[in-house]
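Inspection log for the structure reproduced underneath, given as structure tokens.
Derivation of every value follows stated rules applied to the coordinates shown; laboratory data play no part. Just so it is clear, the structure is predicted and the values come from calculations on it, not from any experiment. Glycine also receives a Cβ, built like all others from the backbone with ideal geometry; neighbour counts cover every protein chain displayed.
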Amino acid sequence: MKLKGDPTTTRALNRRLILNLLRQEGPRSRAELATLSGLSPAAVTFVVADLVEEGIVKEGEAISGMTGRRPIPVQIDYDHGIAIGFKLMLGAVECVATDLATNPIATMRLGLGDHAPDAIADVLARAVPRLVALAQRPEATLAGIGISMPGVISNDQTSCVRSNRFDWNDVPLAQMLAQRVSVPVWLEDDTNAYAIAQQLFGLGRQHRNMAVLAVGVGIACAQIIEGKLYRGANGAAGKMGHTLFEPNGRPCECGKRGCLMAYHSEAAVVQRWREATGGRDKGPTELRSALAAEDPVVVGLVEEAGRCIGTALANITNVTDPEVVVAGGEAVSLGEHFLRPLRRALADGAFRAPPPLLLDWKDNSWARGAAALVTQRMFDFELSGGVTGRH
């Protein structure tokens, strides 16, 4: 461990500071970076020179309209590397290649007929060269691979400790893929990965404390606290869907009864609609059509889900006090029938003023979250975890 004041540690801290300023503020001159960071001009020049030499930062055009020596802005070169993200679902995997700001440059979706870990690792390994070819960035290096999936993930971001949906226990998926492709691999819970992407490049970019709500097949609420994802002692933080809603109630995929997600996840709402109407073939698409047609049964179920999730969210925000709540997932597309009661319940249950609710409508958000597992290390050298394949 390096001692406080060690020159190497100071250099790394300065590097992180400069990179995060450029991420948040965009292109800035060296003089502006010195003012914003509080570092000396010499220290900024030293760090920027290193970053330019490594290809992480590049110089832009000199600022026009000024007399004398015109300052030259520097900016992060997000094109110098490629990150790959895989979002695992029960029947398919969303695949994306992004630049280092998680902007998609190639996407595809592959079916998953076999949920055995080795079979899935093989599918992902075969997808890597296809994505790299589709990206058409021959000069860019493959920086790494991120995998997101529903479950409890070890704090070293290498193993799935437990996934109820996949029925996995202690599966070292990151190591399995790294051995096949020989690049660094990170594994993370899907909502946690989504939260990291929102913090780095999304709606939470300017916030150090936020809650990230995701409602789809499950319900989860990840927490970014003082700029860092809170994972808990065992990697199981944020499992809002498994908070108790109805004692001895409906069975949940976790094996317990009465969990919030057993009633109010999108999948649960669809199931309850089927039960109420006898429509076995009804799914999410039909649910949205019925909602648009103001079907009273569907409207009631969706509004109830918004209200109950909003109440649970208020309880969480009363504990963690986030600046904002970012909301994403399939349920966001249910619109105001879902969001209006959620906002009202959040406001009614908030200890003080409720945090603003920011909605994420972007495509590929989940897979981009997986890619963000790769890029986050560029902005925080203290992060640990992930695994590197053989060389």
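Percent antiparallel among DSSP beta bridges with both residues in the range 206-359, to the nearest 5?
Expressed as a percentage, antiparallel bridges in the range 206-359 total about 60.
Determine the calculated [θ] at 222 nm for the chain from helices alone, applying -39500 (n - 2.57) to every DSSP H run no shorter than 4 residues and normalising by the residue count; nearest 500 deg cm²/dmol.
-13000 deg cm²/dmol
To the nearest 10 degrees, how steep is helix 365-379 against the longest Cα principal axis of the chain, on a 0 to 90 scale?
Rounded to the nearest ten degrees, it is 30.
Under 10 Å, Cα contacts only: if you run a Gaussian network model on the chain, which one of Ile105, Ile147, Ile309 comes out with the highest mean-square fluctuation?
With Cα springs under 10 Å in the chain, the top fluctuation among Ile105, Ile147, Ile309 is at Ile105.
Give the residue from Ala236, Leu177, Asn318 lying farthest towards the positive end of the charge dipole for the chain; charges sit on Cβ (+1 for Lys and Arg, -1 for Asp and Glu) and the dipole is referred to the Cα centre.
Positive-most Cα among the choices belongs to Asn318.
Amide H neighbours of Leu112 under 5 Å, at least 5 residues apart or on other chains, H built in the peptide plane: list them.
Ala92, Val93
Taking trypsin sites (Lys or Arg not before Pro) as candidate sites, keep only those in a DSSP loop with at most 10 other Cβ atoms within 10 Å, then name the longest stretch of the chain containing none of them.
By the stated rule (loop sites, at most 10 other Cβ atoms within 10 Å), 70-279.
If one takes the longest principal axis of the Cα atoms in the chain, at what angle in degrees, from 0 to 90 and to the nearest 10, does the Cα axis of helix 266-277 lie?
Computed tilt is about 20 degrees.
When the Kirkwood radius is taken over all Cα pairs of the range 197-315, what Stokes-Einstein diffusion coefficient follows at 20 °C and 1.002 mPa s, in µm²/s?
Translational diffusion coefficient: 137 µm²/s.
Assign unit charges at the C-beta atoms only (+1 for Lys and Arg, -1 for Asp and Glu), then state the dipole size of the range 7-76 relative to its Cα centre in Debye, rounded to the nearest 20.
For this selection, approximately 120 debye.
For the chain, what is the per residue volume of the convex hull drawn over the alpha-carbon atoms, in cubic angstrom?
Cα convex hull per residue, to the nearest whole number: 176 Å³.
Where nothing but the Cβ of Lys and Arg (+1) and of Asp and Glu (-1) is charged, how large is the charge dipole of the range 206-359 around its Cα centre, in debye to the nearest 20?
380
Restricting the count to DSSP beta bridges whose residues both fall in the chain, what percent are antiparallel, rounded to a multiple of 5?
65
Averaging over every viewing direction, what projected area does the convex hull of the Cα atoms of the range 174-220 cover, in nm²?
Computing the convex hull of the Cα atoms and averaging its projections yields 4.5 nm².
Need one word for the range 317-387: rounded, prolate or oblate. Basis is the Cα gyration tensor (sqrt eigenvalues a ≥ b ≥ c); a/c below 1.5 gives rounded, then a/b vs b/c decides.
Here the range 317-387 falls in the oblate category.
Label points 7 Å out from Cα along the Cβ direction at Gln206 and Leu13: separation in nm?
Distance between label points: 2.8 nm.
Name the residue from Ala293, Ala305, Cys252 whose Cα lies farthest towards the positive end of the charge dipole of the range 202-319, charges +1 on Cβ of Lys and Arg and -1 on Cβ of Asp and Glu.
Positive-end residue among those listed: Cys252.
Mind giving me the nanometre distance, one decimal, between the label points for Met108 and Phe46, set 7 Å out from Cα along Cα→Cβ?
Simple spin-label model gives 4.7 nm for this pair.
Just need log10 I(q)/I(0) for the range 7-76 at q = 0.17 Å⁻¹, Debye formula, equal scatterers on the alpha-carbon atoms, no solvent, rounded to two decimals.
Those come out to -0.56, one per q.
Just to verify a number: FRET efficiency for Thr388 and Asp118, C-beta to C-beta distance, R0 = 22 Å, to 0.05?
So, using R0 = 22 Å, E works out to roughly 0.65.
If you fit an axis through the alpha-carbon atoms of helix 7-25 and take the longest principal axis of the Cα set of the chain, what angle between them do you get, 0 to 90°, nearest 10?
The helix 7-25 is inclined about 60 degrees to the chain.
Between Ser182 and Asn318, what's the calculated FRET efficiency when r is the beta-carbon distance and R0 is 30 Å? Round to 0.05.
0.05
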